[in-house]
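Working notes, structure below.
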Amino acid sequence: MKSILIIGGTGKTGRRIARRLEAAGQPVRTASRTGADAPFDLDDPSTWAPALDGVTAAYVVEPDLRSTVDREARIPRFVSAAVDAGVRRLVLLSAYGVGEADDGHPLKAAERAVMCSGVGWTILRPDWFSQNFSEGPWLQAIRTGTLSLPTGDGRTPFVDAEDIAEVAASALTEDRHSGRTYRLTGPRAVGFGEAAELIGRATGRVVRHVDVDPGVFTERQASAGVPEDVAHLLTGLLVAVRSGRGATVADGVERALGRPPRPFEDYVAETAAAGLWS
Ligand SMILES: NC(=O)c1ccc[n+]([C@@H]2O[C@H](COP(=O)([O-])OP(=O)(O)OC[C@H]3O[C@@H](n4cnc5c(N)ncnc54)[C@H](OP(=O)(O)O)[C@@H]3O)[C@@H](O)[C@H]2O)c1
């Protein structure tokens, strides 16, 4: 049976895509280093061919921008291997701002590889995920009550990973998304202070955002082991929020799915009800 391969299939977007496709009766193969259907490591090309066997569509993710192994070349190489193995539809998870980024940006090389692959492609450029507060880098800070980021009073239209997954699942199975790039955002820009307040109210605890000097934030990242260029990249993305760039809402979810994106408040209510912040 022809399968749909989901790279990062145990991650924030991948496992939601897999869940949707399985519910729709599609044959799915999740791929990651541990806990997925196919043992797969982007840093180990010997794992690629078994994962790609019988696959006609693939969700492609650069799972770790901090990787020091072949960061710019590994997705283009994987894309080429996927096409050689018979994949005819590629959906790439990129990020907001990559279109304007410098050539050295790893996701820029990934976008170019997918666009030049010669098969059907769709590129997703999401804003910051709402799920960063509950499954990602900010969860621990939310639990301890203080989220320190160099975002000042800046706002950003957080996008729900459920919406990203629904767009991706549709793009992996329907031709109408071919050749399209979707900027995916939530329905309104939300400040980090407001986000912390909403989460605090929903959980009955005090949660606050504390602004940090961008230089201090970069130093903290570097001393936590993040490579210097990646620390600068992350700080730059957060400073863009601080300076008001990127607060614009986009219509990618509506264009792809014909319905508006999920509000941040719905994400907060559901996540609190599921006990993820307890
Ligand atoms: N978070 C945001 O706000 C945001 C916004 C825009 C774009 N993005 C983009 O989203 C991407 C991350 O996607 P995500 O959030 O869905 O994933 P995620 O939750 O960070 O999970 C990463 C997934 O990739 C797997 N993985 C890690 N290293 C791997 C490797 N070397 N080879 C194969 N698989 C590997 C992980 O499983 P194992 O560890 O078991 O391998 C896991 O399944 C990044 O490219 C980021 O730029 C994120």
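The values are calculated or read from the model by the stated rules, or taken from the named source; none is laboratory data. Here the structure is a predicted model, which is why all the values come from computation and not from measurement. As a convention, Cβ positions derive from the backbone with ideal geometry for all residues, glycine included, and neighbour counts pool all protein chains shown.
What the table below lists for this structure:
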| item | result |
| --- | --- |
| Leu172 being part of a helix (DSSP H, G or I) and either within 17 Å of Thr122 (Cα to Cα) or at pLDDT below 95 (or both) | yes |
| Hits in the stretch 235-250 - residues which are without any contact (Cβ under 8 Å) to a residue 60 or more places away in the chain and either farther than 19 Å from Asn132 by Cβ or touching a Pro at 6+ places or on another chain (Cβ under 9 Å) (or both) | Gly236 |
| Residue check for Val216: in a helix (DSSP H, G or I) and surrounded by fewer than 17 Cβ atoms within 10 Å (Cβ to Cβ) | yes |
| The stretch 79-111, subset of a type outside the set (Asp, Glu), over 18 Å from the mean Cα position of the chain (by Cα) and farther than 16 Å from Thr56 by Cβ, residue modelled with the lowest pLDDT | Gly104 |
| Of all residues making up the stretch 1-46, the number that are of a type outside the set (A, V, I, L, M, F, W, C) and in a helix (DSSP H, G or I) | 8 |
| Every pair of residues 6+ apart whose Cβ atoms lie under 6 Å, when the first sits in the stretch 31-52 and is more than 15 Å from Asp64 (Cβ to Cβ) and charged (D, E, K, R) while the second is more than 11 Å from the ligand (Cβ to nearest atom) and outside any loop (DSSP other than H, G, I, E, B) | Asp37/Arg29 |
| Filter result (closer than 14 Å to Thr56 by Cα and among the polar types (S, T, N, Q)) within the stretch 1-34 | Ser3, Gln26, Thr30 |
| Leu5 closer than 22 Å to Ile164 by Cβ, aliphatic (A, V, I, L, M), within 22 Å of the chain's Cα centre (by Cα) and within 9 Å of the ligand (Cβ to nearest atom) | no |
